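Taking it in order: structure first as structure tokens, then the write-up.
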Amino acid sequence: MRCVDVLIIGAGLSGVVAGKRLLDARKTIQLVEKSASIGGRLANKRFDGAFFDTGAQFFTAKDPVFQNFVSDWVSSGVVKEWYSDYPGALSVHPRYRGSPAMNIIAKNIATRLPIKLKTKALRISREGEIWKTSFSNDEEIISKAILITTPVPQAIEIIDQSNVVLNKLVRKRLDKISYESCYAIMAILDKPSKIPSPGSISIADDIVSWISDNQQKGISEIPAITILSNLDYLEYKNADIKDLEQSIIDSAEKYSEAKVKSYQTHFWRYSKPLEQDAQRFVEANINTSLPPLFLAGDAMAGPRVEGAFMSGFYVADAITNNLS
Ligand SMILES: Cc1cc2nc3c(=O)[nH]c(=O)nc-3n(C[C@H](O)[C@H](O)[C@H](O)COP(=O)(O)OP(=O)(O)OC[C@H]3O[C@@H](n4cnc5c(N)ncnc54)[C@H](O)[C@@H]3O)c2cc1C
């Protein structure tokens, strides 16, 4: 069985950023991702000639470390500024988008990384000073350290399947982290939307919280919007999905002033962290005799693209120091 320095569970943004930085620090790594593609919540979809961002719609860059990376991405054409002026707003941080779509940001970072797709981590077990991880496809990987970058409830699921006991304070920190859920409806319109330039609208007090016009954004050649819901998951989890979709579409059509011709839906169970950790990553083996076990992701360094990036960046340095 192959042994790597670090097994990274989850190939969303935080996972690939950590993977790249660990590889640059000459660590041997393996990433595993349960889905058929990388990027996690940096996701896009294409159907019937339309193209959509289905998860994160844009990102901002406030930390100077992140800003440097973003400037390089802008220079190489991986990222474009979507807008930095918004009607009625005095000044806004530039809103960036991936080019052609958000997922390219993760793909671009992951170019040289060893990633096993369709490989869901089920359990981790301690074998002396190292970890053994078991997967849905019956494979196993041995590693000196593990980094879990899934949404925290999914990380807890792996830990709980594994008979791994964390320090009580660490466990309390993780149990406090919660997420909101969101339906994303990707809709093709019968004509261009009337959503004001630059093609986004944020809505308070409605069943819809956000609409992006993917045509104005420069992603889709034909009129197509991404509609994000504003629903309490627990309240609506037993609702009829068709009724729910229709209510969301009816509401969005008020803003787009165009009819939805066809649509697809994606449900994000863990869309954005509501409660976050105070640190940029969690060293979960602290005060135990477990081998290195780290958690990273947007629940630690901020509930957005920039937070996921910074968490992956700093956890990689901590793991490198730990293994040296
Ligand atoms: C609808 C929506 C809109 C958003 N809008 C914005 C926005 O406008 N601006 C912004 O900055 N941010 C936005 N965000 C948030 C942003 O997308 C996230 O903060 C960021 O992408 C999170 O990255 P991550 O690496 O922490 O997690 P993820 O992207 O969730 O990556 C985790 C990965 O782990 C994988 N995984 C899970 N369990 C397992 C397992 N057992 N084994 C293997 N792999 C596993 C998942 O498939 C996933 O690929 C939005 C998110 C959503 C859903």
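The values are calculated or read from the model by the stated rules, or taken from the named source; none is laboratory data. Keep in mind that what you see is a predicted model, and the values were worked out from it rather than measured. Note that we place each Cβ from the backbone using ideal geometry, even for glycine, and neighbour counts take in every protein chain shown.
A few comments on the model shown:
- Any pair with Cβ under 6 angstrom, 6 or more apart, that starts in region 153-174 at a residue that is within 11 Å of residue 124 (Cβ to Cβ) and ends at one that is β-branched (Val, Ile, Thr): 155/148; 162/124
- Scanning region 81-121 for residues that are surrounded by 15 or more Cβ atoms within 10 Å (Cβ to Cβ), over 18 Å from the mean Cα position of the chain (by Cα) and not in a loop (DSSP other than H, G, I, E, B) yields 82, 83.
- Lone unmet requirement of (1) under 22 Å from the mean Cα position of the chain (by Cα); (2) outside any helix (DSSP H, G or I) for residue 142: (1)
- Residues located in region 42-59, provided they are aromatic (Phe, Trp, Tyr) and either within 23 Å of residue 131 (Cα to Cα) or more than 9 Å from the ligand (Cβ to nearest atom) (or both): 47, 51, 52
- Top-ranked residue of region 187-203 - restricted to ones that are within 16 Å of the ligand (Cβ to nearest atom) and farther than 11 Å from residue 252 by Cβ, ranked as surrounded by the fewest Cβ atoms within 10 Å (Cβ to Cβ): 202
- Restricted to region 186-304, the set of helices (runs of 4 or more DSSP H) holding at least 3 residues that are under 22 Å from residue 48 (Cβ atoms) and touching a residue at least 12 places away in the same chain (Cβ under 8 Å) comprises 241-256.
- Just one of the listed residues (35, 14) is within 13 Å of the chain's Cα centre (by Cα), among the small types (Gly, Ala, Ser), under 23 Å from residue 299 (Cβ atoms) and not in a helix (DSSP H, G or I), namely 35.
- With respect to the conditions (1) outside any helix (DSSP H, G or I); (2) hydrophobic (A, V, I, L, M, F, W, C); (3) surrounded by 19 or more Cβ atoms within 10 Å (Cβ to Cβ), residue 165 lacks only one, and its number is (3).
- Qualifying positions in region 224-244 - at pLDDT 95 or above and either among the β-branched types (Val, Ile, Thr) or in contact with a Ser or Thr (Cβ under 6 Å, 6 or more places away or on another chain) (or both): 225, 226, 227, 228
- Within region 284-298, the set of residues being more than 16 Å from the ligand (Cβ to nearest atom) and touching a Pro at 6+ places or on another chain (Cβ under 7 Å) comprises 285 only.
- Among the residues of region 235-252, those that are among the β-branched types (Val, Ile, Thr) and crowded, with 16+ Cβ neighbours inside 10 Å comprise 248, 249.
- Region 3-41, residues that are at positive phi and either within 7 Å of the ligand (Cβ to nearest atom) or touching a helix residue (DSSP H, G or I) at 6+ places or on another chain (Cβ under 6 Å) (or both): 10, 39, 40
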